[in-house]
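Enquirer: One structure, as structure tokens, below. Some questions next.
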Amino acid sequence: MRTTASKQLKIYTQIFWTFCRIGPSTFGGGYAMIPGIEREVVEKHGWMREEEMSDLVSIAGSAPGGVGVNLAAFIGYRLAGVMGAILAVAGIALPTFFIVFALSLGYSMFQDHPKIEAALKGIQGGVISLIIIAAYKMAKTALFDKTTAAVGISTVVMLIMTPIHPIYLIAIGLVIGLVAVQVKKHLGMQVYTEQRESKQQEPEPIYPEYYI
């Protein structure tokens, strides 16, 4: 009993502290958090595989609410049930809340300061790069055949060229995936639902640190 309780306490502490570090040190919102979360969950702790992480990111982005908080809740629940989800959400949200609260008190006094404006412009550029990295790493596992590549490219084009709401594109992609799998099975084609393992693994690119 003591051993089990000790293990539970350890995983609870790890979950809370991991997300507690990610939240305050990631600028740009949910999608900018994804590289940091993936680095901690997949590479550092080995809590899940990259393919599983990609699936959770897709679900978190499709669900209502912020993708960072949603992803934290899913990962926490996957690792330690309801308590894990609560601790993950608390870890990623509470420190950020207190930091933003403190910044909001002083922002009105410094918002027109040239150095503050310059710093915010630099942060915006960093946020864009983090989102691009997150998109690249998701694409490596999500786009694994012609069908998924076509759906991904078509979705990007429609988001840019039309005012269609993203929720409709998510629903359309879901339907296309189900239909494509059934058609391939009917035609006797081999069906893959995730990236096939390559015999010769490509070296993983080295990204800058995403957290302090």
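The values are calculated or read from the model by the stated rules, or taken from the named source; none is laboratory data. Keep in mind that what you see is a predicted model, and the values were worked out from it rather than measured. With ideal geometry, Cβ positions are generated from the backbone for all residues, glycine too; neighbour counts draw on all protein chains shown. Protein only, heavy atoms only, side chains kept; ligands, DNA and RNA dropped before computing areas. Shrake-Rupley method; radii C 1.70, N 1.55, O 1.52, S 1.80 Å.
Enquirer: Would you confirm, using the coordinates I've provided, whether GLY68 is closer than 27 Å to GLY125 by Cβ, in a helix (DSSP H, G or I) and touching a residue at least 12 places away in the same chain (Cβ under 8 Å)?
Expert: yes
Enquirer: Would you tally the residues in region 116-166 being of a type in the set (Gly, Ala, Ser) and within 20 Å of the chain's Cα centre (by Cα)?
Expert: The qualifying residues number 9.
Enquirer: Could you tell me whether any residue of region 53-68 is more than 15 Å from ALA134 (Cβ to Cβ) and surrounded by 16 or more Cβ atoms within 10 Å (Cβ to Cβ)?
Expert: So far as region 53-68 goes, no, none of its residues is more than 15 Å from ALA134 (Cβ to Cβ) and surrounded by 16 or more Cβ atoms within 10 Å (Cβ to Cβ).
Enquirer: Condition check: in a helix (DSSP H, G or I) and within 30 Å of LEU174 (Cβ to Cβ). Does VAL127 satisfy that?
Expert: yes
Enquirer: Quick one: which of ALA88, ALA73, ALA80 is modelled with pLDDT of 85 or more, aliphatic (A, V, I, L, M), surrounded by 17 or more Cβ atoms within 10 Å (Cβ to Cβ) and more than 17 Å from the chain's Cα centre (by Cα)?
Expert: Answer to the check: ALA80.
Enquirer: Before we move on, is ILE131 among the β-branched types (Val, Ile, Thr) and surrounded by 14 or more Cβ atoms within 10 Å (Cβ to Cβ)?
Expert: Criteria met by ILE131.
Enquirer: Out of the residues in region 23-65 meeting the condition of being under 22 Å from GLY125 (Cα atoms), of a type outside the set (A, V, I, L, M, F, W, C) and part of a loop (DSSP other than H, G, I, E, B), tell me which one is modelled with the lowest pLDDT.
Expert: It comes out as GLY28.
Enquirer: Can you spot a residue in region 133-144 that is of a type in the set (Gly, Ala, Ser), farther than 30 Å from VAL183 by Cβ, touching a Pro at 6+ places or on another chain (Cβ under 8 Å) and in a helix (DSSP H, G or I)?
Expert: Yes: region 133-144 contains one or more residues that are of a type in the set (Gly, Ala, Ser), farther than 30 Å from VAL183 by Cβ, touching a Pro at 6+ places or on another chain (Cβ under 8 Å) and in a helix (DSSP H, G or I).
Enquirer: On the basis of being polar (S, T, N, Q) and at pLDDT 90 or above, does THR4 make the cut?
Expert: So THR4 does not fit the description; no.
Enquirer: Moving on. Can you confirm whether LYS184 is surrounded by 15 or more Cβ atoms within 10 Å (Cβ to Cβ), of a type in the set (D, E, K, R) and under 20 Å from ILE59 (Cβ atoms)?
Expert: no
Enquirer: Quick check on ARG39: is it open to solvent by 70 Å² or more (accessible area, probe 1.4 Å), under 27 Å from THR141 (Cα atoms) and not aromatic (Phe, Trp, Tyr)?
Expert: The answer is no for ARG39.
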